[in-house]
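**Student:** Before we start, here is the structure in question, set down as structure tokens.
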Amino acid sequence: MNNRLRLLSVLAILLLMALGVATAQAGKPKEPSWVLHGPYSPAIKPANFVTTIDNRYFPLKPGTAYRYKGYKGAASQTDDMVVTHQEKRILGINCTVVRDTVSQGGKPIERTFDWYAQDKHGNVWYMGEDAFDLKNGRFVRADDSWESGVNGAKPGIIIEGKPRPGDVYRQEYYPPSALDQARVLGRATALEVPQGTYRRALATVEWSPVEPQLEKKWYAAGVGEIQEQVVAGGHEGFRLVRVTHPSSTA
């Protein structure tokens, strides 16, 4: 091999190595500087909670159904979220049960029952979840299922009553399986999804050390979540395509 070919080969190898490092870094982002560490012990008093979840960015009126379409990896998926009329009592608080079903190829592959409650300040608390994954033709309870007050699990805030840019809060706390945190980014000028165009949607970003990735979410006043997008550490995104309110349900 002459010197020219040898040099080209070395350069090609160096380029491939650089691309490999860049890909690895892109696939597993570093922990953001805003992430919270240390003890976590939220004060939960049933008397401080209300019976209706009417947070402007995360209203949960029983009977409301949301449909999202998107992708995870190379697969197209749909996500159907229904606010049920059911309640689950957790830490002395009646929590609203939300059923979430992810489907692929027209068949359900994930099913989750999420439990939410709102305090007097408008903060919506995430009290836990029962998650099930499809395995060998049947749904099996996932390891990251958790319930506040059981085995050390503690609730977190899914969205604040008065979100301000820069606010950081834990969304769930069940080490080592569920440790999501969020940071408020601010309000977008306008965001268009299949359901419609929304101005001044609230934007947040989430991080979890369990599955290191950054995920942005947008919430519209009076509607709820309208879009989510993994921006580092994965290839996943969903957008709101339809909302069905109780009054229009047959």
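Every number in this text was worked out from the coordinates using simple rules, so none of it is lab data. Keep in mind that this is a model prediction, so the values were computed, not measured. Every residue, glycine among them, receives a Cβ derived from its backbone with ideal geometry; neighbour counts consider all protein chains shown.
This table checks each residue for (1) surrounded by 16 or more Cβ atoms within 10 Å (Cβ to Cβ); (2) of a type outside the set (Val, Ile, Thr); (3) closer than 26 Å to Gln229 by Cβ.
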residue	(1), (2), (3)
Phe58	yes, yes, yes
Gly63	no, yes, no
Tyr68	yes, yes, yes
Asp79	yes, yes, yes
Ile90	yes, no, no
Asn94	no, yes, no
Asp100	yes, yes, yes
Gly106	no, yes, yes
Asp119	yes, yes, no
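**Student:** Quick check on Arg164: is it out of contact with any Cys (no Cβ under 7 Å at 6 or more places or on another chain), outside any strand (DSSP E or B) and of a type outside the set (A, V, I, L, M, F, W, C)?
**Tutor:** Criteria met by Arg164.
**Student:** For the stretch 57-143, which strands (runs of 3 or more DSSP E) that fit wholly inside it have 2 or more residues that are within 15 Å of Ile158 (Cα to Cα) and either in contact (Cβ under 8 Å) with a residue 12 or more places away in the chain or acidic (Asp, Glu) (or both)?
**Tutor:** Working: elements: 65-72, 75-90, 93-104, 107-119, 124-135, 138-141.
Strands (runs of 3 or more DSSP E) meeting the threshold: 93-104, 107-119, 124-135.
**Student:** Next question, about the same structure. For the stretch 172-209, what are the residues that are under 13 Å from the mean Cα position of the chain (by Cα) and among the β-branched types (Val, Ile, Thr)? Show your work before the answer.
**Tutor:** Applying the first criterion (under 13 Å from the mean Cα position of the chain (by Cα)) to the stretch 172-209 yields 172, 178-183, 203-208.
Passing the criteria: Thr204, Val205.
**Student:** Tell me whether the stretch 178-188 contains one or more residues that are β-branched (Val, Ile, Thr) and either buried (at least 20 other Cβ atoms within 10 Å of the Cβ) or over 21 Å from Ile53 (Cα atoms) (or both). Walk me through how you get there before you give the answer.
**Tutor:** Start the filter on the stretch 178-188 by keeping residues that are β-branched (Val, Ile, Thr), which leaves 184.
In the following step, the residues that additionally are either buried (at least 20 other Cβ atoms within 10 Å of the Cβ) or over 21 Å from Ile53 (Cα atoms) (or both) were identified as none.
No.
**Student:** Also, I was wondering about something else. Which of the residues belonging to the stretch 210-239 are more than 11 Å from the chain's Cα centre (by Cα), closer than 19 Å to Tyr169 by Cα and among the hydrophobic types (A, V, I, L, M, F, W, C)?
**Tutor:** Passing the criteria: only Val210.
**Student:** Taking Glu147, is it surrounded by 12 or more Cβ atoms within 10 Å (Cβ to Cβ), of a type outside the set (A, V, I, L, M, F, W, C) and either in contact with a Gly (Cβ under 7 Å, 6 or more places away or on another chain) or touching a residue at least 24 places away in the same chain (Cβ under 8 Å) (or both)?
**Tutor:** Spelling it out, Glu147 is indeed surrounded by 12 or more Cβ atoms within 10 Å (Cβ to Cβ), of a type outside the set (A, V, I, L, M, F, W, C) and either in contact with a Gly (Cβ under 7 Å, 6 or more places away or on another chain) or touching a residue at least 24 places away in the same chain (Cβ under 8 Å) (or both).
**Student:** Without any contact (Cβ under 8 Å) to a residue 24 or more places away in the chain and exposed (fewer than 14 other Cβ atoms within 10 Å of the Cβ) - does that describe any residue in the stretch 230-248?
**Tutor:** Yes, because at least one residue in the stretch 230-248 is without any contact (Cβ under 8 Å) to a residue 24 or more places away in the chain and exposed (fewer than 14 other Cβ atoms within 10 Å of the Cβ).
**Student:** Against the condition of a type in the set (A, V, I, L, M, F, W, C), farther than 23 Å from Arg67 by Cβ and in contact (Cβ under 8 Å) with a residue 60 or more places away in the chain, how does Val210 come out, does it pass? Break it down into steps so the answer makes sense when it comes.
**Tutor:** On the way: of a type in the set (A, V, I, L, M, F, W, C): yes; farther than 23 Å from Arg67 by Cβ: yes; in contact (Cβ under 8 Å) with a residue 60 or more places away in the chain: yes.
Yes, satisfied.
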